[in-house]
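The structure appears below as structure tokens.
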Amino acid sequence: MNDADTTQVTETDARLRALDARLERTNELLQRMLAEVAKTPSTHAIFVDAGYVHAAAGLLVAGTEDRRNFDLDAEGLIEAFIDKARTIFADSRLLRVYWYDGARRRIHTPEQQAIAELPDVKVRLGNLNANNQQKGVDSLIRTDLESLARHRAISDAALVGGDEDLVSAVEAAQGYGARVHLWGIEAAEGRNQAEALLWEVDSQRTFELDFCRPYVTRRPVTTYENEGEPPPSREEVRFVGAQIAAAWLAERGRDRLAELLPGAPYLPGAVDQDLLVEAERLLSRSLRGHASLRRALRDGFWQHLKAQY
């Protein structure tokens, strides 16, 4: 072997040794990275469509979707969802619970304020139209799901809902690598979740009657009908509405009134229900089924409050 051949072999050996050294360093870096990933806990979040929960749980337990006819222990139900997630995602930590609901002009009701004050819970509000239908909630869910998945803030999402419009939210999150698990409430009859949504998610889970029953309480329906008696007049009902408004204002104060006024002429569901029950007690008559009288009741309530502001 001449000198030229010897030099070429030496250079080749040097390049191979350098390549081996680089490969070794690369493998070492990969091992360190994998070790760090293994030490980093996965994270999950729970996304709750409150409209779906109220409708499905109310119908299943209380036999009605009308929120005015039952009470939902949202705090207890949220804690139950957290406990269930803790079992399912055993090696994962909770980021937070997102509670999506509707409200007039996106102004929190007292119940929504109480939920917002719970630890690890964020309330996100869409609008509520004149027919008490939620608007904009699905887009809020999609925005949060997609953003958290894109930034790798969550690895798993538990979605409590049933609307077909949520399919795009699921697809968006999955596109960034997150797994989406659909949670539902047992349907009183038929199905309360869209098939297209069921097809897209990574897993499904249904909460049955025994799970939901502790968190739903039907409100007692008290009627004061006296057979044969004519209903009260609009003026009588309007006066009773003003009476109740005076007592409401004396008990809650002007600060609470300032919070209520932007929603006029609408009342939060809980306030409206309390107004109806108290009016029926004072009148000893039922106003159920008398839409014009209930409007007169609200008119009297608002008229007094606005006069005091």
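The values are calculated or read from the model by the stated rules, or taken from the named source; none is laboratory data. Keep in mind it's a predicted model, so treat the numbers as computed, not measured. Note that each Cβ is placed from the backbone with ideal geometry, even for glycine, and that neighbours are counted across all protein chains shown. Areas reflect the complete protein model, heavy atoms only, side chains present, ligands, DNA and RNA absent. Shrake-Rupley method; radii C 1.70, N 1.55, O 1.52, S 1.80 Å.
Here's a check for you: in the range 255-284, which residue that is under 23 Å from His54 (Cα atoms) and open to solvent by 60 Å² or more (accessible area, probe 1.4 Å) is modelled with the lowest pLDDT?
Ranking the qualifying residues of the range 255-284, first place goes to Tyr266.
Can you list residue pairs whose Cβ atoms sit under 8 Å apart, with the first residue in the range 215-243 being within 20 Å of Arg298 (Cβ to Cβ) and modelled with pLDDT of 80 or more and the second being loosely packed, with under 13 Cβ neighbours inside 10 Å and not acidic (Asp, Glu)? Count only pairs 6 or more apart in sequence or on different chains.
Close Cβ pairs (under 8 Å, with a partner that is loosely packed, with under 13 Cβ neighbours inside 10 Å and not acidic (Asp, Glu)) amount to Arg234/Ser292.
When you go through (1) modelled with pLDDT of 70 or more; (2) not in a helix (DSSP H, G or I) one by one for Met1, which number turns out not to apply?
Going through the list (1) modelled with pLDDT of 70 or more; (2) not in a helix (DSSP H, G or I), Met1 breaks only (1).
Taking the conditions exactly as written (open to solvent by 30 Å² or more (accessible area, probe 1.4 Å) and farther than 30 Å from Asn127 by Cβ), does Pro230 satisfy them or not?
yes
I'm trying to understand the selection: among the residues of the range 80-130, which are touching a residue at least 60 places away in the same chain (Cβ under 8 Å), in a strand (DSSP E or B) and touching an Asp or Glu at 6+ places or on another chain (Cβ under 8 Å)?
Residue satisfying the conditions is Ser92 alone.
Select from the range 53-71 the residues that are within 16 Å of Gly161 (Cα to Cα) and open to solvent by less than 70 Å² (accessible area, probe 1.4 Å) and list them in ascending order.
Val53, His54, Ala55, Ala56, Ala57, Gly58, Leu59, Leu60
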